[in-house]
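Asker: First, the structure itself, so that you have it in front of you.
Read-outs throughout are calculated quantities, based only on the coordinates presented, and are distinct from any laboratory measurement. Keep in mind it's a predicted model, so treat the numbers as computed, not measured. Note that we place each Cβ from the backbone using ideal geometry, even for glycine, and neighbour counts take in every protein chain shown.
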Ligand SMILES: [Zn+2]
């Protein structure tokens, strides 16, 4: 009779002088072993290779290898509970034995582990192929995988945190229906971004572009996660660093800048035209208030400052294709108080058209930050407000 064999890292738990046996007690190992193999007998060997922490054990039985990720006890922040799992998931993907499975095992938690955010993360884990060994003992309801990217986007938006810095990843679509993931890829954010990508890769039917958003020197996912994501044909990774942004700035006035889009997502939320409310992401663009062409022509500021103005989330709004064009050719203007006006000399038939599909007569006041208003003034320096009529809804 073959015996199931656990392989546990030497450094399973190093903090606070806690030894792995304090966490993975013989009862727990037996329970895990039984749930996976139906056997209660097991042996334990140690793996001294030094990979990143992952609260991970492996179990070999009859030629099959199981990766088991164990939950954290402490719930210090909403990300810390999940920080080990993506590492385990990446390790699992690297496993060469095709007979492999990945499991998650709950250890008794010290706090609430069934918040909306936690449930969202469990569902991502399930979507990415994770089997939960003992969720029924710890959670009130079953964990269902996501069935589509739309399903993920909808649920991700529903759990958006009021604390802005927690919203590090954004999902949307570009004009070609590519799925875009804008993610901060360092610190605690990298765990969420990695898991999100691996879950999305399971259900996406279109190409996926991951934009790694830089901050300071930290700009890329950890190498193993990056290599894994790069190995999927459907995933493309673009690092938004200053070199890329500088090139974009020199080449284009429309500035297809990932950092600009990220900053708009962070400030304005999901793509939604500020003038008509259209929410079809493929039709929505980031429109500059102070146009990039004008920024470039300004003499008294450095190139670095120009780029910062071009990327500033306060220097933009979401507009649909049509409204963006109308705004760019100054058929529509936003006055210095955020009111929306249109050119008074429009033909009546054009006036009817413009007024018909413009449903807002002012910009949402919460977007009118002092910075935003300054950009408006800079734009409007070139516009004669007497030529415009306020939009009458
Ligand atoms: Zn619109």
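Asker: May I ask you to derive the relative contact order of the chain, considering only C-alpha pairs under 8 Å and at least 6 residues apart, and to give it as an integer percent?
Answerer: 10 percent
Asker: Could I ask something else about it? So for 197, 355, fewest C-beta neighbours within 10 Å to most, what's the order?
Answerer: 355, 197
Asker: Helix 26-37 sits at what angle to the longest principal axis of the chain, using alpha carbons and giving 0 to 90 degrees rounded to 10?
Answerer: 80 degrees
Asker: Let me ask another. Name the residue, out of 204, 310, 225, whose mean-square fluctuation peaks in a Gaussian network model built on the chain with Cα pairs under 10 Å.
Answerer: 204
Asker: So what is the relative contact order for region 4-145, in percent, with contacts set as C-alpha pairs under 8 Å and at least six apart?
Answerer: The normalised contact order for region 4-145 reaches 21 percent.
Asker: For region 148-240, count the residues as N, evaluate 2.2 N^0.38 Å, and divide the Cα radius of gyration by that value, please.
Answerer: Normalised Cα radius of gyration, region 148-240: 1.01.
Asker: Just the Cα atoms of region 4-145: what Rg and Dmax do they give in Å?
Answerer: Over region 4-145's Cα set, Rg and Dmax evaluate to 14.4, 39 Å.
Asker: Remind me, relative contact order of region 148-240 in percent, using alpha carbon pairs under 8 angstrom and six or more residues apart?
Answerer: That works out to 25 percent.
Asker: Enter the angle in degrees (range 0 to 90, nearest 10) between the Cα long axis of helix 85-94 and the first principal axis of the Cα atoms of the chain, meaning the one along which they spread out most.
Answerer: 70 degrees
Asker: Over the Cα atoms, compute the radius of gyration (one decimal) and Dmax (the largest Cα-Cα distance, rounded to a whole number) for region 311-357, in Å.
Answerer: 11.7, 37
Asker: In cubic angstrom, how much convex hull volume per residue do the alpha carbon atoms of region 261-393 span?
Answerer: 105 Å³
Asker: If one takes the longest principal axis of the Cα atoms in the chain, at what angle in degrees, from 0 to 90 and to the nearest 10, does the Cα axis of helix 370-380 lie?
Answerer: Tilt relative to the chain: about 40 degrees.
Asker: Please compute the volume of the convex hull spanned by the alpha-carbon atoms of the chain and report it per residue in Å³.
Answerer: Dividing the Cα hull volume of the chain by its residue count gives 163 Å³.
Asker: Which residue, 375, 186, 20, tops the fluctuation ranking in a GNM of the chain built on C-alpha contacts under 10 Å?
Answerer: 20
Asker: Along the Cα→Cβ direction, 7 angstrom out, place labels at residue 241 and residue 205. What is the inter-label distance in nm?
Answerer: 3.7 nm
Asker: Given a 10 angstrom Cα cut-off, can you work out which residue in 308, 282, 366 is the most mobile in a GNM of the chain?
Answerer: Most flexible of the set in this elastic network: 366.
Asker: Let me ask something else. Of all beta bridges DSSP finds with both residues in the chain, what is the antiparallel percent, to the nearest 5?
Answerer: Close to 50 percent.
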